[in-house]
Amino acid sequence: VIPSKFKNTDYLTIDGHGETETCIMGHFNGKEFRKISQIMYPHSVGLFYGTITDFLGFKPDNDEWKTMALASYSKNNKYLKIFKRLYKLTPKGFELNLSYFDFYLFDKKPNFFNNKLVEILGKPRSKNSRLEKKHFDIAYALQKSFEEIVIHLLKITKRLSNKSSNICLSGGAAMNCVFNGVLDTKYKIYKNVYIPPWPDDLGVSLGANLLLNYKIKKKLNKNKKIMNAYLGPCYTNKEIESTLKKYNLIYSKPKNLYSTVAKKISEQKLTGWFQDRMEFSHRALGNRSILADPRYANTKDVINKAVKYRENFRPFAPSVLGEKACEIFEINKGKKIEYMEKAVIVRKNWKKKIPAVTHVDGTARVQTVFRDTNLKFYKLIDEFYQLTGVPVLVNTSFNLNGEPIVENPSDAIRTFYTCGLDVLVLGDYIIEK
């Protein structure tokens, strides 16, 4: 709520669970927070999603984004009707039919689901087994059920509050970028929607800090330094060069870093990009990123084979110049989606131009990049645009599958030499293989 800068706003948290609540509906009038209603554990939209993630052979509380990606490969199917047995909407929110779930017995049961769920959905998928049409269909039914539940909760929040055209979404389930994308277009319950770059447990420490500061000072913290995603460690060029010399590496320092790197990316060279403060987010937003050319359909496969080693059904995200975003994606002019928090539709005339970031359903989890939020990344994308006519780069996190995002220059160098990256940019310096 505080980072949103709304003077008044409703808010909704959608999570696995907190201490006792799984969802909280409320209103902030500029002076005080007022809880309107809540959903109590074990009735949880987050754990509902986690249960089906578990059923599909992925790790619950970890791989929900894989389930979300699967959903895009299906359309209306028989499982939509079957899923109606798993939950019901109520005047106060929703209730799960707990007879199908075991997540609340996690200390005694091996899975989030039980045999009764297996009876209606069939045999669960085992880890690493081949994905079948059935699995895509189940994921789609889950995504649509999630959408129905959360829209219902938003309508309740709006009705009970009726004081704001603004809404702040938080909780781990607020990272569902497919749902977030349709919230502005398909459903217009609120005029303005804010989702922070750290809506899940990652943001708890920052939220506690902001809330305590607000309670002590009785006013909103307007410190712009903490109202973004770039809050992690930073390394100077002097520190970077010292590390390069320590490992006796051959490196260069070009006069125009941005044009040099943009040209290499346009030559289809996979590039590790390490700049300034690390992102305080699950997503790489241009400071600890692997970058590539979006104009080639095989780019996704090249990245997966060389670096990410991840499932080929999962899409990669585009980072686009903010001023050009509305020309390429179906969003309003000047719209900011700075944290990859929404999947939006790629315009028809651009789908073939940027196939590497266009998902099977014609959407992309976009990041709009503006000068005032990340100047260096903006300059690089702009140089690529001047060179190719495409103001977009493929942007994925700088890490190997199963490892955390690189934090320091040594991390970046080790990752660079243990995968198929072609170029590493550390501050003002470049290393090539």
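For the reader, a short list of remarks on this structure follows.
- Too-long pairs where the Cα-Cα distance tops 18 Å, listed order kept, from Lys7/Lys342; Lys123/Lys144; Lys300/Lys376; Lys78/Lys123: Lys7/Lys342; Lys123/Lys144; Lys300/Lys376
- DSSP finds beta bridges in the chain, and of those with both partners inside it, around 75 percent are antiparallel.
- Ranking Thr368, Thr185 by solvent-accessible area of protein heavy atoms (1.4 Å probe, all protein chains present), from largest to smallest, gives Thr185, Thr368.
- Listed values (1) 67, 47, 46; (2) 64, 56, 45; (3) 59, 47, 40, entry calculated as Cα extents along the principal axes in Å: (2)
- Average Cα contact separation per residue, the chain, under 8 Å, 6 or more apart, as relative contact order %: 16
- Extension gain, Ile120 to Phe33: 0.36 nm times the residue separation minus the Cα-Cα distance gives 27.1 nm.
- By average C-beta atoms within 10 angstrom, highest first, the peptides 96-104, 284-292, 71-79: 284-292, 96-104, 71-79
- Packing-based ranking of 105-111, 390-396 yields 390-396, 105-111, ordered from highest to lowest mean Cβ neighbour count within 10 Å.
- Sites Ser129 and Leu211 - FRET efficiency at Förster radius 56 Å, r taken between beta-carbons, to 0.05: 0.80
- Cα centroid separation, segment 360-433 to segment 136-211: 28 Å.
- Largest to smallest accessible area among Arg371, Arg295, Arg125 [probe 1.4 Å]: Arg371, Arg295, Arg125
- For the pair Met40 and Arg277, a Förster radius of 30 Å applied to the C-beta separation gives a FRET efficiency near 0.20, rounded to the nearest 0.05.
- Rolling a 1.4 Å probe over the protein chains gives Lys219 an accessible area of about 130 Å².
- Accessible area (Å², 1.4 Å probe, nearest 10) - Val261: 0
The values are calculated or read from the model by the stated rules, or taken from the named source; none is laboratory data. Remember, predicted model here, so these are calculated numbers, not experimental data. No Cβ is skipped: glycine too gets one built from the backbone with ideal geometry, and neighbour counts run over all protein chains shown. Just so you know, the surface numbers come from the protein's heavy atoms only, side chains and all, with ligands and any DNA or RNA stripped out. Shrake-Rupley method; radii C 1.70, N 1.55, O 1.52, S 1.80 Å.
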